[in-house]
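Here is the structure we will look at, set down as structure tokens.
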Amino acid sequence: MSLSPRPTLETGTTSFAAAAEAHLEDVHAYLVYLTGDRCLAEDLTAAAFEKALSLWRRFDPRRASARTWLCQIARTVALDHFRSEERRRRREGVYAAREPREEPEPTFGQGLSPALDEALGALSPADREIIALRVLLELDASTVARLLGISSTACTTRLSRALHRLEERISHDVRA
Amino acid sequence: MTSGPEGKVEERFDELLAQLRAGRPAPSPALRERVAAIATTESSPEPVRRRTFPWRRTLALGTVSAVAAGVVALAVVSVDPGSGEQPAGEREAITLPEANLDRSAPRSSGQESVTRAQKAPSAGRAVAPSALPPTQKRLQDYRADLRVQVRRPGQVASATSRAMRITRSLGGYIVSASYARARQGDSTLVVRVPVDKVQDAILRFSQLGTLLSQRIEIQDLQGGVNRQSDRIAALRTSIASVEADLRDPELTAEERAPLETRLSTLRRQLATRLEARAATVRRGRLSRVSLTLTTREAAAAPVPPAPPGQFEETLRDAVSVLGKVVGWLLYAVIVASPFLALVLGAALLERWRRRRGDLALLERAS
């Protein structure tokens, strides 16, 4: 099977509102997979679009499509969130060790089977990120490689490993 | 599973990928409203279409242009400026130029040097004998170099003998004579003749055969002689003064000794000066003539290269400046390259560290 890039609204003269409307689902899906938390993903999506609005003046369609640019911003927002969350957890480590943290139930999509949903939740955000970008958003390997700052080969290898792990998780859950 | 950069995924994942796509999460209506509100309520300025400068293309084009300009400049500069202006065959038809007068010595020094050179521009063309007359009122160092061609090798010896006789008849003498008896032997004669008869000597020497070239140098000696005379007069005055002091009967032995030492020094200096002045005067009274008798024809006189034009001169200056600039740039690059490599390495290391950090953060964030 070939993962060919999906035709998208490539902004040559589009406004930010049109770009936001066209790529909201993509950015949201990407962040859901990256965070594994739908509520958090919604907050981060809104934050990403706020940041994108402030940076819209610097957007250059010749360098990247609006979708890639928005995903790049969403990734930066998510990484910033993870960092601040990590700092917060470290700061509150003692308390967090006594009080069990309530982890939200990961739900990645309405139509996913429970086994697949659970298997996705067991994957690392890095694995889910590559699946989201390459499978859900159907970005080509070179675009994803540029977005993640890795080579195209590394991108494909990472996707392959992520799918393998996902498959293993599903079969493990089914056997269990 | 085979996967490559093109994104080929094994077919057994088709069903899984289809499930993932089918279960793609959709944003809630609340999020849609939120984002719509962000996009519409706030004024979203149009992206500034910055005119990006095509650095790579410009750099490549500039490099090629610079190399081409350098090659053209070098080609233009390396072309002999004299070539092509006049064919060699036409040069022989040039009429003999007037004698050059080169006044190089400064007049303020009291020494004047005049050089007059006259050469045959091509083989077999004779030079009309014409000697600068020496000045009778001032002492001059008069030197003449003559090159005379005789027809046959056997005539060299007889012409040399006649030149010697001419020298003696004019009251001069032979300084040196060199004669090589060979098939094409040359004879070189250096003679001294009184200055007032040097014109006659040059005329008669040139009649020994065909005059091929003559070079006359005149250097004024009067200024030097005058200075020597002034110094001699001053020394004589000093000597007279010291002698007068020594005639004082009241002088003690201690006082007399330094005066006598000074007197002897002054007398030695006077003798040296007198001798030098006499030599200068002798040099001024006798001219020096170098006569070369040969059977060979004169070699074609080299045509001096044409002076460079303004454009060519500007081009040469530009190439020179360009060379210096390139040299300095190379120097700067060589000096700065270790630091640039360090900075580049640090930047790459920081980039690699940041990406590793991001990946590790995503791995931990599960």
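Express the relative contact order of the stretch A:107-176 as a whole percentage, based on alpha carbon pairs under 8 Å and six or more residues apart in sequence.
Across the stretch A:107-176, relative contact order equals 37 percent.
List the residues whose amide H sits under 5 Å from the amide H of B:L286, counting only those 5 or more places along or on another chain, with H placed 1.01 Å from N in the peptide plane.
Under 5 Å from the amide H of B:L286 lie the amide H atoms of B:V195, each far enough along the sequence or on another chain.
Taking each residue in B:14-23, count the Cβ atoms of any other chain within 10 Å of its Cβ, then average. What number comes out?
Rounded to a whole number, the mean comes out at 6.
Could you give the alpha-carbon Rg of the stretch A:107-176 over 2.2 N^0.38 Å, rounded to two decimals?
This ratio for the stretch A:107-176 stands at 1.14.
Each residue of the stretch A:25-32 in turn: what ³J(HN,Hα) in whole Hz from Karplus with 6.51, -1.76, 1.60 and θ = phi - 60°, glycine and Pro shown as x?
In residue order, the calculated couplings are 4, 5, 5, 5, 4, 4, 6, 4 Hz.
How high is the relative contact order of the stretch B:225-279? Use alpha-carbon pairs under 8 Å, at least six apart in sequence, and give a whole percent.
In percent, rounded to a whole number, it is 55.
List the residues whose amide H sits under 5 Å from the amide H of B:Q149, counting only those 5 or more places along or on another chain, with H placed 1.01 Å from N in the peptide plane.
Amide H neighbours of B:Q149: B:T210, B:L211, B:L212, B:T294.
What three numbers, in Å, describe the spread of the alpha carbons of the stretch B:225-279 along their principal axes, ordered from the longest?
That gives 40, 14, 11 Å along the principal axes, largest extent first.
Mind listing the long-range amide H neighbours of B:Q140? Cut-off is under 5 Å, sequence gap 5 or more, other chains count too, H placed in the peptide plane at 1.01 Å from N.
B:L221
Shape verdict for the stretch B:227-366, please, from the Cα gyration tensor: rounded (a/c under 1.5), prolate (a/b greater than b/c) or oblate.
Note, shape of the stretch B:227-366 comes out oblate.
Along the stretch B:186-192, what does the Karplus equation 6.51 cos²θ - 1.76 cosθ + 1.60 (θ = phi - 60°) give for ³J(HN,Hα), rounded to whole Hz, x for Gly and Pro?
Listing the rounded values in order: 10, 10, 10, 10, 10, 10, 10 Hz.
Whole-Hz Karplus ³J(HN,Hα) for the stretch B:58-72, in order, using 6.51 cos²θ - 1.76 cosθ + 1.60 and θ = phi - 60°, x for Gly and Pro?
Once θ is set to phi - 60°, the couplings for the stretch B:58-72 become 5, 5, 5, 5, x, 5, 4, 5, 5, 5, 5, 4, x, 5, 5 Hz.
Using mean Cβ contacts within 10 Å as the protection proxy, how do B:251-263, B:337-349 order, highest first?
Highest mean packing first, the order is B:251-263, B:337-349.
Throughout, read-outs are computed from the coordinates displayed, never taken from laboratory work. Computed from a prediction, not measured in an experiment: that's the story for all the values here. Positions of Cβ are generated from backbone atoms using ideal geometry, with glycine treated the same way; all protein chains shown enter the neighbour counts.
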